[in-house]
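Throughout, read-outs are computed from the coordinates displayed, never taken from laboratory work. Keep in mind that this is a model prediction, so the values were computed, not measured. Heads up, the Cβs are rebuilt from the backbone with ideal geometry, glycines too, and the neighbour counts pull from every protein chain shown.
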């Protein structure tokens, strides 16, 4: 309980607290405004993905925890530039500049978090930083995994859930086989969709347990153990979910795949995983109490070390190092000059990027009304029955769940000719370039080759060479177009994250990635053919020629549907 005293001294302390809170608020608002282009862009990107839609709760939790720790605490504003503040500022500015050069909202958000941490050290020094370390660390939960690692994680979780559920089905005596992320029984196939991969439960449970760790002042080792056991229990609960769906259908004829039963089962398994995580955390706290491993033990070691000359000298060295990094090094005039210089750099880059984004923004509107499903845009007779030696043998319309590993809604035409059978499809909609390699990996295919090429002017195509351990081979050709029917440049299938950044740096333009903006939604055109032998060069040429012809016809049909 905090005792409040009256008098001039108490009023002065209260005024300092209010001034400090105002400085913190002003600093954070300034950081948000200067990084707003990146923050807005990333927020829109996160909201478009179901497994990241928990991020507003992370922001609210971080703000609430910061307010809880600062409200009623005695601390005085410092507002000095120390060696630590200068190092943080240089690193934050470097990330900010690199984010503008590479047009990366991911780097921009990291720069914003580091700038916020720098402002905290500048305003309040060690005292304020110790209080707000947890709330700032929570903000990292709102940063997505880079380089599409979340898609890889989804795929691995799908495979894990499929394999684990398969083992439980073996124990239950349910005959089945597994192909990629599909469980095949005698009656039907069960696809382990993205929603059933556990990615939603994993991310939200990790966020919840991280907030609990921040509230409890957990140490680094304890935080690591907490997150590991949380991930373990989420995977166990998700495995039980997939097993229950298949077992209920095969043994009792119950449908748990759709509607309220499916949603209720998902809530129950999520609650089970989170409950087991909380229970395991309580067991860890019972075995190694928080006070024992963080506070009282530290005090014991400190008290016992006072008589030890070596420990005493080591403590003095640490204190000297901390003083070197944390003590103010500039006068008020120097501090103001440094702040003005930093502000000019930030405002200049933010203004330049805003002007560049406005210039690069598409002026023309969408060529087609994309409010309705893509399967309603064109009819099944959009392609002719005969194209050269290729004969159309069938057409079907597939309306899938958005979480389905096979993708979005599709119209699929089948053609036979020149000794091959191919499937040509129009798929959509997507928010950006859609990489089919993840879809095929989910179906058990492995990538043998991947490259991009331009089959004709302004129409890039990505080609995937695929194979299965069973001895099957396949080729996939696909292109993506936005709502203005502008071809989207494929990403380098063999490029690493560092290579992509270096390519943008070599481009020499701050707006290199925005030079060809994408106007979502995006639709995809693909051709896929498979056989039990590797493809000969003439077969690949025939498939490419057919793809180019069919793609041109489909684009014309989509454009004509917009003019009706």
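Among 245, 283, 183, which comes first, second and so on when ranked by fewest other beta-carbon atoms within 10 Å? Starting with the residue having the fewest Cβ neighbours, the order is 283, 245, 183.
By its C-alpha gyration tensor, with a ≥ b ≥ c as the square roots of the eigenvalues, how is region 375-445 shaped: rounded for a/c under 1.5, else prolate for a/b larger than b/c, else oblate?
On the way: a/c = 2.49, a/b = 1.48, b/c = 1.69.
Oblate, since a/c reaches 1.5 and b/c is not below a/b.
Given their separation in residues at 0.36 nm each and the Cα-Cα distance between them, residue 391 and residue 553 gain 56.8 nm when the chain is fully extended.
Against the compact-protein benchmark of 2.2 N^0.38 Å, the Cα-based radius of gyration of region 167-228 scales to 1.71.
For region 165-288, what is the relative contact order in percent, using Cα pairs closer than 8 Å and at least 6 residues apart in sequence? It would help to have the intermediate numbers written out before the result.
Values: 107 pairs, mean separation 29.9, N = 124.
Once normalised by length, the contact order is 24 percent.
Once the Cβ-Cβ distance of residue 536 and residue 327 is raised to the sixth power relative to R0 = 56 Å, the FRET efficiency obtained is 0.15.
Modelled this way, with points 7 Å down the Cα-to-C-beta line, the labels at residue 127 and residue 454 are 6.3 nm from one another. Extension gain for the segment residue 469 to residue 278, taken as residue separation times 0.36 nm less the Cα-Cα distance, is 64.6 nm to one decimal. Exposure proxy ranking for 120, 40, based on other Cβ atoms within 10 angstrom of each Cβ and starting from the fewest, stands as 40, 120.
Using only the C-alpha atoms, the convex hull of region 165-288 corresponds to 115 Å³ per residue.
Taking other C-beta atoms within 10 angstrom as a stand-in for reagent exposure, 201, 179 fall in the order 179, 201, fewest first.
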